[in-house]
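The values are calculated or read from the model by the stated rules, or taken from the named source; none is laboratory data. Quantities reported herein were computed from a predicted structural model and do not represent experimental measurements. Virtual Cβ from ideal backbone geometry, glycine too; neighbours counted across all protein chains shown.
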Amino acid sequence: ETGVTQTPRHLVMGMTNKKSLKCEQHLGHNAMYWYKQSAKKPLELMFVYNFKEQTENNSVPSRFSPECPNSSHLFLHLHTLQPEDSALYLCASSHGQGFYEQYFGPGTRLTVT
Amino acid sequence: DQQVKQNSPSLSVQEGRISILNCDYTNSMFDYFLWYKKYPAEGPTFLISISSIKDKNEDGRFTVFLNKSAKHLSLHIVPSQPGDSAVYFCAASANEKLTFGTGTRLTIIP
């Protein structure tokens, strides 16, 4: 596999469920990002990890919990979500946090029922 | 308050003609600007960028223009091809964070 991969591509979950989104990058990058894209809104940065350390939490509710075990993998753990959390969740990576060109995965389309 | 605005949600252009996508920003601290292209069911892909110390950057059929005094950015695609049909996002960077616009859907008409 090359580039940035995300699994699952689609996810439907109830408000009481716990699920996790996975992202993997095969580019040798050191920075990884989670973004949220809601309908007709710009991409919103959620979290940034640089060399496995979280460097940015953009006031994201605690029902979203990121995990970065190494520079190649990033998870987003979800629990007790709300219907308004339904969105496209995109993972991205870059050489380092100061490198502006980010490479995106295809996203996970999340629906909370 | 949106700091990066793409006021045209959609644009249709005849194949072979020039496509011009526009982007306005409000934050004077932005020092680097990028355009991303997104096809359905795929993530955005980096297209072209420009530093705030330049006013033009060209890469093949794609040219980005920056007018700092007007806080305006544009992407020119010439000649437009059917494969250029996609959503184009403008992004601006300050303090190592990217801020994105809402995107413009470009449709190239054969």
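Somewhere in the range A:53-74, is a residue touching a residue at least 40 places away in the same chain (Cβ under 8 Å) and among the hydrophobic types (A, V, I, L, M, F, W, C)?
yes
In the range B:99-110, what residues are more than 9 Å from chain A (Cβ to nearest Cβ), in a strand (DSSP E or B) and of a type outside the set (Lys, Arg)?
Within the range B:99-110, B:Thr104, B:Leu106, B:Thr107, B:Ile108, B:Ile109 meet the criteria.
Pick from A:Lys18, A:Lys40, A:Lys52: which is closer than 24 Å to B:Thr102 by Cβ and of a type in the set (Lys, Arg)?
A:Lys40
Restricting to the range A:58-94, what's the tally of residues that are touching a strand residue (DSSP E or B) at 6+ places or on another chain (Cβ under 7 Å) and in a loop (DSSP other than H, G, I, E, B)?
So the answer is 7.
Testing A:Ala31 on (1) farther than 14 Å from A:Ala87 by Cβ; (2) out of contact with any Gly (no Cβ under 6 Å at 6 or more places or on another chain); (3) surrounded by 15 or more Cβ atoms within 10 Å (Cβ to Cβ), one condition comes back false. Which one is that?
Of (1) farther than 14 Å from A:Ala87 by Cβ; (2) out of contact with any Gly (no Cβ under 6 Å at 6 or more places or on another chain); (3) surrounded by 15 or more Cβ atoms within 10 Å (Cβ to Cβ), only one is false for A:Ala31: (2).
Show the residue pairs meeting these rules: Cβ distance below 6 Å; 6+ apart or different chains; first residue within the range B:1-21 and closer than 13 Å to B:Ala86 by Cα; second residue assigned to a loop (DSSP other than H, G, I, E, B) and modelled with pLDDT of 95 or more.
The qualifying pairs are B:Val13/B:Ser80; B:Ser19/B:Ser80.
Looking at the range B:54-66 only, could you name the residues that are touching an Asp or Glu at 6+ places or on another chain (Cβ under 7 Å) and either exposed (fewer than 14 other Cβ atoms within 10 Å of the Cβ) or within 11 Å of B:Asp24 (Cα to Cα) (or both)?
B:Leu66
Looking at the range A:34-57, can you tell me whether even one residue there is in a loop (DSSP other than H, G, I, E, B), more than 9 Å from chain B (Cβ to nearest Cβ) and over 29 Å from B:Ile48 (Cα atoms)?
No, there is no match, as no residue in the range A:34-57 is in a loop (DSSP other than H, G, I, E, B), more than 9 Å from chain B (Cβ to nearest Cβ) and over 29 Å from B:Ile48 (Cα atoms).
What are the residue pairs meeting all of these: first residue in the range B:80-98, first residue more than 11 Å from chain A (Cβ to nearest Cβ), second residue assigned to a strand (DSSP E or B) and surrounded by fewer than 18 Cβ atoms within 10 Å (Cβ to Cβ), Cβ atoms under 7 Å, and 6 or more apart or on different chains?
Qualifying pairs under 7 Å: B:Ser85/B:Thr107.
Can you name the residue in the range A:1-33 that is hydroxyl-bearing (Ser, Thr, Tyr) and in a strand (DSSP E or B) and, of all such residues, is nearest to B:Ser8 (Cα to Cα)?
A:Tyr33
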